[in-house]
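Asks: Below is the structure I would like to discuss, written out as structure tokens.
Taken together, the values in this text are just the output of simple stated rules run on the coordinates, not laboratory data. Just so you know, these numbers come straight off a predicted model, no measurement behind them. Quick reminder, even Gly has a Cβ in these numbers, built from the backbone with ideal geometry, and neighbours come from all protein chains shown.
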Amino acid sequence: MSKPESRSEPGEQPNSRSKRQSERQSGGDRRGAIAGLIIAIVILGVGWWLARNLTAASKMQDCLMSGRTNCNVIEPAR
């Protein structure tokens, strides 16, 4: 069997089609990388928020378990 020849449009260089395809593929790789970066940032943000809340809850439990009754944080008036 013979190889099928790639037909190009008139006035088009034979390699320009492969250049266009490689440009499209590299754009898709960037989208995936950007999506992965956004997902990583969201996961880090949720983890940071969760760690702060768990730390605050742990401090509150430690205070209550020690028998104190004034464990609430009182913010000063401005």
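Asks: Which of rounded, prolate or oblate describes the stretch 38-78 when judged by the alpha-carbon gyration tensor and an a/c cut-off of 1.5?
Replies: oblate
Asks: If packing is taken as the mean number of other Cβ atoms within 10 Å per residue, what is the order of 56-64, 29-37, highest first?
Replies: With the highest mean Cβ count within 10 Å placed first, the list reads 56-64, 29-37.
Asks: Sticking with the crude label model, points 7 Å out along Cα→Cβ, report the distance from residue 44 to residue 56 in nm, one decimal please.
Replies: 2.2 nm
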